[in-house]
Amino acid sequence: MNADEALGHAVRLLVQAELELTNLPLMERLDELANSWLSLGAILTERERT
């Protein structure tokens, strides 16, 4: 797993969240999962720099 893969997962989840306009709980959950992937991407980016 690298930072680009993590960011790709985040993007996929955010796109899916945008499609869930009528299901707010699912939209919020997808957003939370995307944020988790973004956090992982940031950690992996830091690790790759060291």
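The values are calculated or read from the model by the stated rules, or taken from the named source; none is laboratory data. Please read these numbers as outputs of a predicted model, since none were measured by experiment. For the accessible areas, the whole protein counts, side chains as well, though only heavy atoms, and no ligand, DNA or RNA atoms are used. Shrake-Rupley method; radii C 1.70, N 1.55, O 1.52, S 1.80 Å.
A 1.4 Å probe run over the protein chains yields, for the chain, 75 Å² of accessible area per residue, whole-number rounding.
Taking the convex hull of the alpha carbon atoms in the chain, what volume per residue do you get, in Å³? Working shown, then result.
Numbers: hull volume 2.2 nm³, N = 50.
Each residue corresponds to 45 Å³ of Cα convex hull volume.
Extension gain for Glu18 to Asp4 (0.36 nm times residue separation, less C-alpha to C-alpha distance): 2.9 nm.
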